[in-house]
Amino acid sequence: MATFQERPRLLLSAFLMNTSSHILGGMWRHPEAQQHRFNELSLWVDLAKKLEDAKFDALFFADVVGLYGDHEGGWASHVRKGPQVPSHDPLVLLSALAAGTKDIGLAMTSSVIQSHPFQFARQISTLDHLSQGRVAWNIVTSVLENAHRNFGGQDLVAHDDRYGWAEEYVEAAYKLWEGSWEDDALLADKESGLYADPSKVNKINHRGDFYSIDGPHLALPSAQRTPFLFQAGSSARGSQFAATHAEATFLFAPHAQYVAKKNAQPDRKSRRRWPQPRRYQGLRRAVLCRGIHRSRSQGAGSRIRRVPGFGGNRCPHRRWPGRGSWRFGPGYALGTNPN
């Protein structure tokens, strides 16, 4: 067995959402839960500082821009039980968390349907400046029909067509982030009065099926230029998109063998976007009940399951892969299958 020194460093990313009820439905009703305060900045600042002190690598905010499919005869059930509704914007929240933290990564989800790439690229560049290069973007295409209708669509765009849309979206964003301002374009010369060299600031003149963008990018290039990119697609088309663009994939996985299989896929595909080989990361979701020994952690899990309404948002997430019962005993090496 590999020694601790020989094992790759474990990456820890807190999976969050700016809502009262994220994955574990009904947990906002737990006597000690504070998620009902999700609209209070102090809740998130305190959490971000605790995670940073605990040496977490990132805060990863999920997001949706529409309701899940009808349940119990309509959409009112979602409002009654609160699964991801109401839900507030993560990008705005991360601006505040950037000021309250120093090192932790700030990852947010944004769908290609919800913001024009010119506007989104400007927002991300601004946030990357304010955070000194700590921003990550989880690229999604939105599977919810209500989300598409919220932004003017008539129906849910076909699966592979959504990824075609995403391809153009990210290509336009790359042009803005990487191709508009050259590294030495900014001068800010007070004596001469020359702020920037126009010969080194370029319009992108993007013309595609979905977008027409002249440019130039209005924001200065940030520390990263292009943010760290996440992607969570698990279909063949989604895996192809991740192989082309993503630096990490977020997985809902029932066991370690599934994770290993999915992590290997991007390395078997060409990475058109990135000219140099990169280390590809896979992050698996896990729900942990901590305790100083097994009986304490099992007791914590039992108390959670007894919370009234626990699991109340199972219906919205019926598309997700099954979640096995993982039990970590003393000395268990994360990344292996305990069953």
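In this structure, does Ser110 turn out to be crowded, with 17+ Cβ neighbours inside 10 Å, more than 25 Å from Ala248 (Cα to Cα) and of a type in the set (Ser, Thr, Tyr)? Working first, answer last.
Values: crowded, with 17+ Cβ neighbours inside 10 Å: yes; more than 25 Å from Ala248 (Cα to Cα): no; of a type in the set (Ser, Thr, Tyr): yes.
In short, no.
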Filter result (part of a loop (DSSP other than H, G, I, E, B) and in contact with a helix residue (DSSP H, G or I) (Cβ under 8 Å, 6 or more places away or on another chain)) within the range 167-197: Glu182, Asp184, Ala185
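Given Gly105, Gly133, which one is among the small types (Gly, Ala, Ser) and on the phi > 0 side of the Ramachandran plot? I'd like the intermediate steps shown before the answer.
On the way: Gly105 fails: on the phi > 0 side of the Ramachandran plot.
Result: Gly133 is the single residue among Gly105, Gly133 that is among the small types (Gly, Ala, Ser) and on the phi > 0 side of the Ramachandran plot.
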Candidates Ser239, Ser234, Ser270, filtered to the one that is part of a helix (DSSP H, G or I), at pLDDT below 95 and touching a Ser or Thr at 6+ places or on another chain (Cβ under 9 Å): Ser239
Matching residues, the range 22-44, being under 21 Å from Thr109 (Cβ atoms) and at pLDDT below 80: His22, Ile23, Leu24, Gly25, Met27, Trp28
Within the range 197-217, tally of residues that are closer than 28 Å to Ser115 by Cβ, surrounded by 11 or more Cβ atoms within 10 Å (Cβ to Cβ) and charged (D, E, K, R): 2
Filter result for Gly100 (under 20 Å from Asp46 (Cα atoms) and surrounded by 20 or more Cβ atoms within 10 Å (Cβ to Cβ)): no
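Just to be sure I understand, how many residues within the range 76-87 are surrounded by 15 or more Cβ atoms within 10 Å (Cβ to Cβ) and not in a helix (DSSP H, G or I)?
Step one: list which residues in the range 76-87 are surrounded by 15 or more Cβ atoms within 10 Å (Cβ to Cβ), which gives 77-78, 81-85, 87.
Those still in the list that are not in a helix (DSSP H, G or I) too: 82-85, 87.
Looking only at that region, the number is 5.
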Residues being assigned to a loop (DSSP other than H, G, I, E, B), out of contact with any His (no Cβ under 8 Å at 6 or more places or on another chain) and either among the polar types (S, T, N, Q) or touching a residue at least 40 places away in the same chain (Cβ under 8 Å) (or both) - total across the range 6-32: 10
Residue within the range 170-182 that is touching a strand residue (DSSP E or B) at 6+ places or on another chain (Cβ under 8 Å), farther than 18 Å from Trp137 by Cα and either surrounded by fewer than 13 Cβ atoms within 10 Å (Cβ to Cβ) or among the hydrophobic types (A, V, I, L, M, F, W, C) (or both) present: yes
Filter result for Val157 (assigned to a helix (DSSP H, G or I) and in contact with a helix residue (DSSP H, G or I) (Cβ under 7 Å, 6 or more places away or on another chain)): no
Restricting the range 49-70 to residues that are farther than 22 Å from Thr249 by Cα and surrounded by 19 or more Cβ atoms within 10 Å (Cβ to Cβ), the residue that is modelled with the lowest pLDDT: Tyr68
Subset of the range 98-128 [closer than 23 Å to Ile213 by Cα, in contact (Cβ under 8 Å) with a residue 12 or more places away in the chain, in a helix (DSSP H, G or I) and not acidic (Asp, Glu)]: Pro117, Phe118, Phe120, Ala121, Arg122, Gln123, Ile124, Ser125, Thr126, Leu127
Residue within the range 188-196 that is aromatic (Phe, Trp, Tyr) and loosely packed, with under 15 Cβ neighbours inside 10 Å present: yes
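The values are calculated or read from the model by the stated rules, or taken from the named source; none is laboratory data. Just so we're clear, the structure is a prediction, and the values are computed from it rather than from any experiment. Using ideal geometry, Cβ is built from the backbone for each residue, glycine included, and neighbour counts are taken over all protein chains shown.
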